[in-house]
Amino acid sequence: MSGNDANEYDDSPLRACTISRDVQNFDLLIEDMEAVMGEAWGDLSFGDSIAFLEQLPAKGMEFVAIAIDYEDEENLGLLARVISAAKSRDIKVILIAEDVTPASLHQLLRGGADEFIPYPLPENELRNAVERLRKPPPTPVEQAPNGTAVASHTGDSRNGAVIAVHGLAGGTGATTLAVNLAWELATFEKEASPSVCILDLDLQFGSVSTFLDLQRRDAVFELLTDTENMDDESFRQALLIHEEHLHALTSPADVIPLDLIRPEDISVIIDLAKARFDYVIVDMPTTLVQWTETVLNASQIYFATLEMDMRSAQNALRMKRALQSENLPFEKLRFVLNRAPKFTDLSGKTRVKRLEESLGITIEVQLPDGGKPVANGADHGQTLAKTAPKNPLRKEINKLAASLKELGQQADAAA
């Protein structure tokens with residue numbers, strides 16, 4: 001570290017600066033700054049930083065690294081002014097945070113921070129962030145003729161099919177269906193299988209990462225809260241791959257408010273996924289949020305899972321009324337009955353018929369009870385195709401995937 005204080009900066013060839021309450025609390029940051037910037041960096045307190053930044057010439061300083069922890073959350077207004085002062089001089093901002101709530105990070109990222117790195121710093125992450133900042137800016141988000149935000153992307157546009165899965169009550173098998181359906185589509189053919197991505201939009205308690213044995217990444221939170229600068233490359237970097245076939249955007253590592261994400265953010269993510277993949281499976285939260293309509297409108301099929309119980313019946317009726325009262329495309333919903341009666345259970349078949357008539361819906365998909373192998377496979381991070389290929393639930397999901405692939409082929413032929 002150069003050891004400079006604010007009144008020594010004028011004589012130093014500074015290209016970067018750390019800003020913190022006390023940089024000694026971030027010893028790993030000191031080491032990484034020395035490794036990346038050598039002696040061409042200094043350190044400032046929050047109180048001195050604004051005046052210093054406002055006196056800088058228009059060019060010269062590459063970036064500032066603002067390091068904060070939970071004690072700094074009570075000074076978010078000051079931090080926002082520091083970020084604003086840096087951006088007014090075209091200085092990039094790297095936000096380094098330890099034990100800070102997602103809501104505070106969201107506010108600071110919205111305020112203009114360019115990069116977010118958790119502390120303790122992952123190996124080489126500061127260097128990678130600096131290299132990204134030195135690259136030309138990504139292609140900006142374009143506006144479609146109807147005013148909807150559409151993220152630019154590279155490569156051929158696939159215009160993939162969007163299939164959402166929404167559990168009408170907890171434990172109705174929505175994530176099980178979403179994960180295994182995505183896997184069946186991705187491995188339907190040994191050669192030339194379609195490309196498939198699953199988006200876990202159950203932002204608070206999503207479990208796609210658990211079902212596929214994938215590690216949650218901080219890059220997901222950064223992606224979700226900075227869609228204005230999202231492009232195909234940043235979207236690709238946030239994805240993880242299961243068994244070389246299935247791509248997944250997991251839910252964030254921490255619990256975040258469902259309304260932290262705007263409908264425009266979801267539109268950008270879905271558009272990028274559609275452009276890159278043949279099928280986009282969306283695992284939705286059971287709660288209706290402001291961007292549920294966004295996913296519903298973007299979907300070709302919107303599966304709603306339920307069971308043969310009163311709570312599912314009541315919630316299905318609520319869902320129907322909510323969509324119809326807002327003139328939303330209720331016809332896109334395809335009701336899926338989990339743990340459906342067996343073929344020989346005639347009384348069970350009668351109960352299903354009565355359920356359809358009382359709710360005024362059609363249950364188009366009936367999934368059998370897969371038993372303990374379903375939970376065991378999820379606990380081990382493996383799909384049913386791997387752990388229980390002959391399981392009746394797996395066979396039924398495989399049939400569903402075949403019908404969806406056939407529909408996709410028919411749509412391509414019609415186009």
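Summary table below
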item: Residues that are small (Gly, Ala, Ser) and modelled with pLDDT of 70 or more, drawn from segment 1-33; result: Ala16, Ser20
item: In segment 210-232, residue modelled with the lowest pLDDT [restricted to those that are among the β-branched types (Val, Ile, Thr) and part of a helix (DSSP H, G or I)]; result: Thr227
item: Given (1) modelled with pLDDT under 85; (2) under 22 Å from Val374 (Cβ atoms), number of the condition Leu185 does not satisfy; result: (1)
item: Test: Pro257 is surrounded by fewer than 16 Cβ atoms within 10 Å (Cβ to Cβ) and closer than 21 Å to Pro102 by Cβ; result: yes
item: Residue tally, condition under 21 Å from Ala186 (Cβ atoms) and surrounded by 14 or more Cβ atoms within 10 Å (Cβ to Cβ), over segment 361-385; result: 12
item: Some residue of segment 39-53 being under 22 Å from Ser88 (Cα atoms) and touching a Pro at 6+ places or on another chain (Cβ under 6 Å); result: yes
item: Options Thr176, Thr187: the member that is touching a residue at least 40 places away in the same chain (Cβ under 8 Å), surrounded by fewer than 24 Cβ atoms within 10 Å (Cβ to Cβ) and of a type in the set (S, T, N, Q); result: Thr187
item: Wholly enclosed helices (runs of 4 or more DSSP H) of segment 34-152 bearing at least 1 residues surrounded by fewer than 21 Cβ atoms within 10 Å (Cβ to Cβ) and at pLDDT 85 or above; result: 46-55, 76-88, 125-134
item: Selection from segment 284-312 of residues that are touching an Asp or Glu at 6+ places or on another chain (Cβ under 9 Å) and among the aliphatic types (A, V, I, L, M); result: Met284, Val289, Ala298
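The values are calculated or read from the model by the stated rules, or taken from the named source; none is laboratory data. In this text, all values refer to a predicted model and were calculated from it rather than measured experimentally. Virtual Cβ from ideal backbone geometry, glycine too; neighbours counted across all protein chains shown.
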